[in-house]
Structure formats: structure tokens, C-alpha cells
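The values are calculated or read from the model by the stated rules, or taken from the named source; none is laboratory data. Here the structure is a predicted model, which is why all the values come from computation and not from measurement. All Cβ positions, glycine included, derive from the backbone under ideal geometry; neighbour counts span all protein chains shown. Accessible surface areas use protein heavy atoms only, side chains included; no ligands, DNA or RNA. Shrake-Rupley method; radii C 1.70, N 1.55, O 1.52, S 1.80 Å.
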Amino acid sequence: MTDWRPRLRESVIVQTEGDELLFLCTADRTVKRFAADAFVKRVITLLDGTRTYAEIERSVGGSQPLGEVLQILTEERLLSRVGNLEGSFARLGDDRAQFYDRQLRLLQDFCDQGLTDLSSGVLLQERVDRSTAVVCGVGGLGGWVALSLANAGVGTIRLCDFDRVEPSNLTRQALFCVADVGAPKVEAAAARLRAANPFVTVEPFDRRVTSAADLADLVDGADIVVNAFDLPTPNDTATWVSEACWPDVPHILGSGYAYHIGVLGTTVLPGESACWTCVRAETFADHGRGRMESLVGKRQKAGAIGALCGLVGTILAWEAIRVLAGLPPALSGRWSEVDFWPLEIHSRPIPRRPDCPTCGERRGGERDRPPGESKESKEPNEKAREITP
């Protein structure tokens, strides 16, 4: 206890007026109010992780009131679970610690919020470091996914595409440049990712996929698979990816972007969430389309712009990172699309179907809400409490 170095979470801002303390938790958008005297305010200013409990006690006097203050702050999750933050980064080595510095601070706050079973952001980073992700398609969407995963430090990234870089690809992504035109996409993308982060391994697969069998070796041992294929159709490729991944590998399906709509799709956690078969059963008959035949089909070329491709791609990468780190996913158990014009995400719940031929009977667990979504309101809230020892 005397060696403990208590530290306020870095995402917490503290303001005071009179005998009141206001804690602004910028990470989870909560506001907490406390009645506090001069002793408590003095303690708060010393909680920067540079002083041990014993040193703080000597500065303010009074072990019992100090312990009571710190207990309340701990219960309210206002203190970090790591006292010496920069010291904890040293576990990764100097180069990695500097490279991932800002990311480690964010991951630490996830730990401090109780969003993970781990106490240290460094341990979360190590989970990501040890993981393997597969990106199916490295065009306007998959390129953004792959780059974000590489920047985050996903240990092994497998890229699959059969196409070559074309001039029209250049405005929609951040991997290729004019000099890459004509080169295999996976080779050009791999070179860019290795340059972006020297700590990751990139494995390119120059391959045309026409069935689930073509993906078997890619998904073997993977921790997440993101579908960014669009040929022959996103539904066909989602089906192949789903079949290749089932029943062991988490996968993100249905993703794509054209014109005003970005399809975020769904995250399938085998045995926990709705599978692709459940999604198709829920959505196939929308607008009576199940009874119809195509008169004018999907265009081979669709309108796109890099900023919007990037928006969808980075959202999907963030979802993949959450799965890899063991954080609650946001897209599981629902089907989501982003409407770019009003900048709104629309989601519909997709429950597991007891009669689904793929995922079978529900196997426990509450499914009225998507995994990871709290029962509590997401709006800012205030909590008043006394913190007087």
C-alpha cells in the first residue's frame, strides 16, 4: 500500500468552485460532482503517479482520511489502474513504446473504465501484437482497413486481392501512388504497410477468390477476417468469407461503400452473435425483393470518394481492433449502415435465429441488446456524491 502511486485517469478533468469538485470524464461522457474540503482538493492535485501513497500521506497528513478519499475515487473509476504510466510502456521496449505512445494511453483508459479484463494498456497492445488479421480486398475500402490495422500494430496482416492498381484507385485510398499503377495491389499495399509500421508482418496473397475453399489457408489461425471484396457481389463474397471462417474465426461482413451509403454490415462472433445466414434471412425479403427479379442490376462502377471510403474503412478497422483486443464489439448482433449526407449511422437488430441452419439454437446470454452496449444512457449524466473524509 505504501508503494502504491495513485494517479487520476488521463481522460479526467477536475474543476472546482467553492466546496464542490467536478470530475469531467471525457472518455465516457460522464460528469461526477463531489462535496470536498481543502484536504480533498490538496490530495487531488497530488494524484499524478509520481508520488507513493506514503509520500502523499506525508504531504497532506492523515492516513485514514487519505485512504477514504482514494477508496471513493477507486470505486468511481476515477483512478488509473497503473500508477507509473510511462514506466509500464517500457515493457514493449523503447522503440515500440515511443511508436505506440498515444495509442497506449487510450488503451490504458479502456482498462481504467473496466472495458476489459486486463489492468494495463500495454497488455492490450500485446494482444493486438500477437494477433492475425485477414483483409479480403485491398481497394478503396480494404486499403483503409489494412492501413489502420497496420498503424495499430496488428502483428500479422494477410492481404488478399487479384487485381492490379488502376488510376481510378488512387483517389479512393491511402496505400497507392501514381508509381504503383499496373502493380499487383497486394504487393504495392504490402510495401506501404511495412513502411508505415516496421513492427508488423504483412503477407500478400495475389489470388482471385471464387469460393470459400479459396480462403481456407488465409483464415487458418486468423483472429479476425474483414470482407472488403466487391466482386462478383458483396453478398456472394460475404457468403464465401462466412463459410470459410465458420465456426472458429470472427469476421466482419457485408462491408462496402457507394454514393451516399456506407455498409458497415455486421460482426459475426461464432457461437455468440447472429451469423451471416441469420442476417440474410432477416434482410432478404426487405421491400418485397425476395419475390422480384433484377431488371437493371448493380453497376460495375459506382460513385466514390476517398474521404467516405476512409470513413467506412476506419470504422471497420476500429471494430476489428476491438475484437482483437478483447474489447466489446459495436457491430455484432446488428446490421449497420452510415448515411454520409446527414452523417448518421442506422442500425437494425439481427437476433440469432433458433432455427438457423448455421448457428443453430440460442446458447444463453442476453441478446436484447448488441454485445457491449450498456443498459445505461449514452448521454452525459451527472452523479453527485460527497467525498468528505
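Of note:
- Other residues within the sphere of radius under 11 Å centred on the Cβ of GLY49, judged by their own Cβ, net out at +1 (K and R +1, D and E -1).
- Net charge of Cβ neighbours under 12 Å - reference ASN84; Lys, Arg +1; Asp, Glu -1: +2
- Kirkwood-based Rg to Rh ratio, region 1-120, C-alpha trace: 0.98
- Reduced Cα scattering model of region 141-293, Debye log10 I(q)/I(0), q = 0.13 Å⁻¹: -0.63
- Sequence-distant residues sharing a close amide H with ARG164 (under 5 Å, placed H): LYS185
- Most fluctuating residue given options PRO354, PRO328, PRO234, as computed from a GNM of the chain linking Cα atoms under 10 Å: PRO354
- Kirkwood-Stokes translational diffusion coefficient of region 302-367, alpha-carbon pairs, 20 °C, 1.002 mPa s, µm²/s: 150
- Over region 53-199, the pair-distance histogram of Cα-Cα distances with 10 Å bins from zero comes to 11, 30, 23, 18, 10, 6, 3, 0 percent, rounded to whole numbers.
- Span from the region 308-363 Cα centroid across to the region 1-63 one, whole angstrom: 38
- Amide hydrogen neighbours beyond the local backbone of ILE350, cut-off 5 Å, H modeled: ARG334, TRP335
- Solvent exposure of the chain, expressed per residue, is 49 Å² of accessible area, with all protein chains present and a 1.4 angstrom probe.
- The chain: Cα Rg divided by the 2.2 N^0.38 Å rule of thumb: 1.14
- Charge tally in the Cβ shell below 11 Å around LEU218, where Lys, Arg are +1 and Asp, Glu are -1, LEU218 excluded: -2
- Centre-to-centre separation between the Cα atoms of region 94-139 and those of region 148-217: 22 Å.
- Helices in the chain, meaning DSSP H runs of at least 4 residues, each add -39500 (n - 2.57). Divided by all residues, the mean residue ellipticity at 222 nm is -9500 deg cm²/dmol.
- For region 20-61, the calculated P(r), taken from all Cα-Cα distances in 10 Å bins from zero up to the bin holding the longest distance, is 25, 42, 30, 3 percent.
- Descending by average beta-carbon neighbour count within 10 Å, the peptides 214-222, 17-25 line up as 214-222, 17-25, the highest first.
- The chain: Lys pairs at Cα distance under 21 angstrom, eight or more positions apart or on different chains: 7
- Peptides 335-347, 170-182, 246-258, ordered by how many other C-beta atoms sit within 10 Å of their residues on average, highest first, read 246-258, 170-182, 335-347.
- Folded to 0 to 90 degrees: helix 101-113 orientation relative to the chain principal axis, Cα: 70
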